[in-house]
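Enquirer: Quick one: structure below, then a few questions.
The values are calculated or read from the model by the stated rules, or taken from the named source; none is laboratory data. Computed from a prediction, not measured in an experiment: that's the story for all the values here. Every residue, glycine as well, gets a Cβ built from its backbone with ideal geometry; the counts of neighbours run over all protein chains shown.
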Amino acid sequence: MTDLSEYFLQMSGLLPDQSQIESVSFEEGFSNEVNLLSWGQEPRLILRIPCIDCDAFYVNRVEEIQTMKDAAHIALSPTLVWHDEKGGFACEFVHQPSLDWSVVHKDKDVVRIAHTLRKAHQLPARDHKYVISDVIQHYIDGIYAKVKDDAVLVREHGYLVSVFETLEKPETLLPEVLCHNDLNPKNTLMDDDKLWFIDWEYSGVGDPLFDLAVVVKSHNLNAQQTSLLLSAYQSDLDISKACHAISEYSKYYSVREMAWLLLKYAITPEDTLSLEYYYEFKTTPALNPFPVD
């Protein structure tokens, strides 16, 4: 765990004396170290310390921070109160909880997510592109460079290549916009009153239908809710064509998640949990739609 004193020093104008600060590390962070800072018996700030190779994982920290500021400005994301040039930041703590991976949404919440995502897609687009096929290829190339001398992992690399080659490019139905690209349940904070999107690490300009597909896949939406999400997002969308694109993009999402986990382990072999999650993801039919070799 990182010594936080250096960060507390940089944030001194925002914090009380260090002796008054209680820090609790969140267990859920995979890419980064995340800490809840409390004082006066109240949770105050979330401090994120980046821990991944930005180039390897297709992350642009400068544009991530600016997107967070833009999202906070229109109340889509908690207010950013401090950041550094390396992608470390602190934002206001909000009381809405993240969702569970097994979440089952009510229809009214599907509509809320659609409307909020539509609002997110109106944020200013920047230079950083996020084309999912390019990202997956980047991950696959990065894996091979790290594991080419490990027969077991070379086989897993080959598996990812084989399923990636089966993917079909979805039809383009909507113009490119600034997308979140990782709106899984843990990056969605909501209760009956408020909905926030957090963790804009993989934001970039791309196809909005990929964002919608990530919601469909990771939030466990059924066919009726998928149609509801799409029609609430844009009423004149061709639902039949959009559903087909969502189905294809859901496969891209599955391959990306597997590739991300294997790349994480390849870069940091001490992170054996990433490898465990890779195999768990690969062998779970609800997550991996492809035959397992």
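Enquirer: For region 266-293, what are the residues that are more than 18 Å from GLY142 (Cβ to Cβ) and β-branched (Val, Ile, Thr)?
Expert: Answer for region 266-293, where residues must be more than 18 Å from GLY142 (Cβ to Cβ) and β-branched (Val, Ile, Thr): THR272, THR283, THR284, VAL292.
Enquirer: Give just the number: which of (1) aliphatic (A, V, I, L, M); (2) surrounded by fewer than 21 Cβ atoms within 10 Å (Cβ to Cβ); (3) within 14 Å of the chain's Cα centre (by Cα) does LEU183 not satisfy?
Expert: Just one mismatch for LEU183, condition (2).
Enquirer: Let me ask something additional. Identify, please: which residue in region 3-25 is under 14 Å from LEU36 (Cβ atoms) and touching a strand residue (DSSP E or B) at 6+ places or on another chain (Cβ under 7 Å) and is, among those, surrounded by the fewest Cβ atoms within 10 Å (Cβ to Cβ)?
Expert: VAL24
Enquirer: Another question, if that's okay. Give the residues of region 103-127 that are within 19 Å of ALA75 (Cβ to Cβ), surrounded by 15 or more Cβ atoms within 10 Å (Cβ to Cβ) and not basic (Lys, Arg), sorted by residue number.
Expert: ASP109, VAL111, ILE113, ALA114, THR116, LEU117, ALA120, HIS121, LEU123
Enquirer: Moving to a separate point now. Can you say whether ASP150 is under 18 Å from the mean Cα position of the chain (by Cα), loosely packed, with under 14 Cβ neighbours inside 10 Å and at negative phi, as far as the supplied structure shows?
Expert: no
Enquirer: Now, a different point. Would you check if TYR202 is assigned by TED's automatic domain parsing to the domain that holds LEU117, within 26 Å of ARG48 (Cα to Cα), surrounded by 18 or more Cβ atoms within 10 Å (Cβ to Cβ) and not basic (Lys, Arg)?
Expert: Yes: the conditions hold for TYR202.
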